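Enquirer: Sharing a structure here in structure tokens format.
The values are calculated or read from the model by the stated rules, or taken from the named source; none is laboratory data. Just so we're clear, the structure is a prediction, and the values are computed from it rather than from any experiment. So basically every Cβ, Gly included, is an ideal-geometry build from the backbone, and we count neighbours across all protein chains shown.
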Amino acid sequence: MNMITNHLPTAELQALDAAHHMHPFTDANGLAAKGARIMTRGKGVWLTDSEGQKIIDGMAGLWCVNVGYGRKELAEVAARQMEELAYYNTFFQTTHVPAIALAAKLAELAPGDLNHVFFAGSGSEANDTNIRLVRRYWQVKGMPEKRVIIARKNGYHGSTMGGGSLGGMAPIHAHGGMIDGIEHIDQPYWWGEGGEMTEDDFGLARAKQLEEKILELGVDKVAAFIGEPIQGAGGVIVPPKTYWPEIQRICDKYGILLIADEVITGFGRTGNWFGSQTFGIKPHIMTIAKGLSSGYQPIGGSIVCDEVARVVAEGGEFFHGYTYSGHPVAAAVALENLRILQEEHIVEHVRDVAHPYLKERWDALTEHPLVGEAKLVGLMGSIALTPDKAKRAKFASESGTVGFRTRERCFANNLIMRHVGDRMIISPPLVITPAEIDILIERARKSLDESYASLKADGLLVAKAD
Ligand SMILES: *Cc1c(COP(=O)(O)O)cnc(C)c1O
């Protein structure tokens, strides 16, 4: 048997990695110069690296390992499904039990009349599916001109051409361009962009941009709006409470489709099964991935409402699909993951135990001289680093300089906490216990202290002039 273990010393593995492995979203030469950290094991919220260090994973991998690492049931289900039926497609009038059972389960869990599931291999693929689905929907309804999708600047919807175009991240657009028919409005990021407005007024103003954009383009050209209930990769930007109700009102008024990208916010992350429930959003389509399988298998999908599914079906064959749509092993693992989430009351654990416990400690981080605001919804949190809290000031240094330095301190202190620009973000496994939250906070404080001392020593605690 080909046992993949860490059979070589760390330095040799790092050299092979640098020589042959192209990392996603990575400066290859920068990484090669210092060597990637090699993770070897995971259990609960803990990772072990090739040097035997035990690291607390404040990011649940990439926001996905909701039930925590090392769940034997998921390994067993995968092995059993591979022996029974390792693969079959769902294209040509065939199906299989894992895809059927998972689709039915998702229809049961998803709110409202979101009753139909189109499977993909990832969140990016699912959003590519959504672009085609909403355009097909209007085509079948005899309005093929309605094809523009409105999204937000600094949104993240994946990194394929479609997903990257829906996303509003200029560095991604700069590498390879964008597809046509996507328009971006401003994000509801009060701390960074709210100026003198109150949070509530700012939330309304940013939502109203959707209406302005629809009127500018003409409602006969607009197919849909897409947004993450909470922007994740953009820095865990929690919108003001006025934002989503106004977006919903505008989508309803103009009859455009609403897509909630729930890739991060789904499956318990916000203390409900879906972020749409937390924010009172009624989407026509939800994008799912990540926590759907807790990352144990690559799988994503679109949960589609009755009306959209009915219209698309009326159009006859929909020329779209992936070899691995509804892959039986991935579907079986996802189904078992949902069973664990449900039977172990993990969503309730987030809502009633982990969130309230973390919230108090997370908010207290604003006492630290480096920390401006702290946001936490369920187990998705962020803090803004600032040289001047009262002014919500940015640093004079290039955005991300302070965040990166702080992240390096976290990494050195065996805490995985990411930075987006100069915001620090967390999204730990949903099974995190109060005792583990104490460790996370203790390491975060130590890292903030060290970062603050080094920034001070280097004269970097300087606000940008406005
Ligand atoms: C991660 C993410 C995606 C992309 O999912 P992949 O599985 O990486 O393709 C899409 N939308 C959101 C909100 C995400 O966080």
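Enquirer: Does M178 satisfy the condition of being surrounded by fewer than 19 Cβ atoms within 10 Å (Cβ to Cβ) and in contact with a Phe, Trp or Tyr (Cβ under 8 Å, 6 or more places away or on another chain)? Break it down stepwise before answering.
Expert: Numbers: surrounded by fewer than 19 Cβ atoms within 10 Å (Cβ to Cβ): yes; in contact with a Phe, Trp or Tyr (Cβ under 8 Å, 6 or more places away or on another chain): no.
It is false that M178 is surrounded by fewer than 19 Cβ atoms within 10 Å (Cβ to Cβ) and in contact with a Phe, Trp or Tyr (Cβ under 8 Å, 6 or more places away or on another chain).
Enquirer: Here's another thing I want to ask about it. Need at least 2 residues that are within 14 Å of the ligand (Cβ to nearest atom) and either of a type in the set (G, A, S) or surrounded by 24 or more Cβ atoms within 10 Å (Cβ to Cβ) (or both) per element, so show me which helices (runs of 4 or more DSSP H) inside the range 232-325 make the cut, counting only ones lying wholly within it.
Expert: It comes to 275-279.
Enquirer: Would you check if Y324 is over 16 Å from L74 (Cα atoms), among the aromatic types (F, W, Y) and touching a Pro at 6+ places or on another chain (Cβ under 7 Å)?
Expert: Answer is no for this residue.
Enquirer: Any residue that is part of a loop (DSSP other than H, G, I, E, B), farther than 22 Å from G61 by Cα and modelled with pLDDT of 95 or more - is there at least one of those in the range 434-455?
Expert: Among the residues of the range 434-455, not one is part of a loop (DSSP other than H, G, I, E, B), farther than 22 Å from G61 by Cα and modelled with pLDDT of 95 or more, which makes the answer no.
Enquirer: In the range 121-157, how many are among the hydrophobic types (A, V, I, L, M, F, W, C), within 15 Å of the ligand (Cβ to nearest atom) and either surrounded by fewer than 22 Cβ atoms within 10 Å (Cβ to Cβ) or within 16 Å of the chain's Cα centre (by Cα) (or both)?
Expert: Counting residues in the range 121-157 that are among the hydrophobic types (A, V, I, L, M, F, W, C), within 15 Å of the ligand (Cβ to nearest atom) and either surrounded by fewer than 22 Cβ atoms within 10 Å (Cβ to Cβ) or within 16 Å of the chain's Cα centre (by Cα) (or both) gives 2.
Enquirer: Checking T160 against (1) touching a residue at least 40 places away in the same chain (Cβ under 8 Å); (2) within 12 Å of the ligand (Cβ to nearest atom): exactly one of these is not met. Which one?
Expert: Tallying (1) touching a residue at least 40 places away in the same chain (Cβ under 8 Å); (2) within 12 Å of the ligand (Cβ to nearest atom), T160 fails exactly one: (1).
Enquirer: Touching a residue at least 40 places away in the same chain (Cβ under 8 Å) and part of a helix (DSSP H, G or I): does that describe R405?
Expert: Taking the combined requirement at face value, the residue satisfies it.
Enquirer: May I ask you to verify whether G42 is buried (at least 21 other Cβ atoms within 10 Å of the Cβ) and at negative phi?
Expert: No; evaluated as a whole, the condition is false for this residue.
Enquirer: Any idea how many residues of the range 176-192 are within 16 Å of the ligand (Cβ to nearest atom), more than 21 Å from E216 (Cβ to Cβ) and not small (G, A, S)?
Expert: 1
Enquirer: Looking only at the range 382-391, decide whether some residue is assigned to a helix (DSSP H, G or I) and crowded, with 17+ Cβ neighbours inside 10 Å.
Expert: In the first step, residues of the range 382-391 are kept if they are assigned to a helix (DSSP H, G or I); the result is none.
So far as the range 382-391 goes, no, none of its residues is assigned to a helix (DSSP H, G or I) and crowded, with 17+ Cβ neighbours inside 10 Å.
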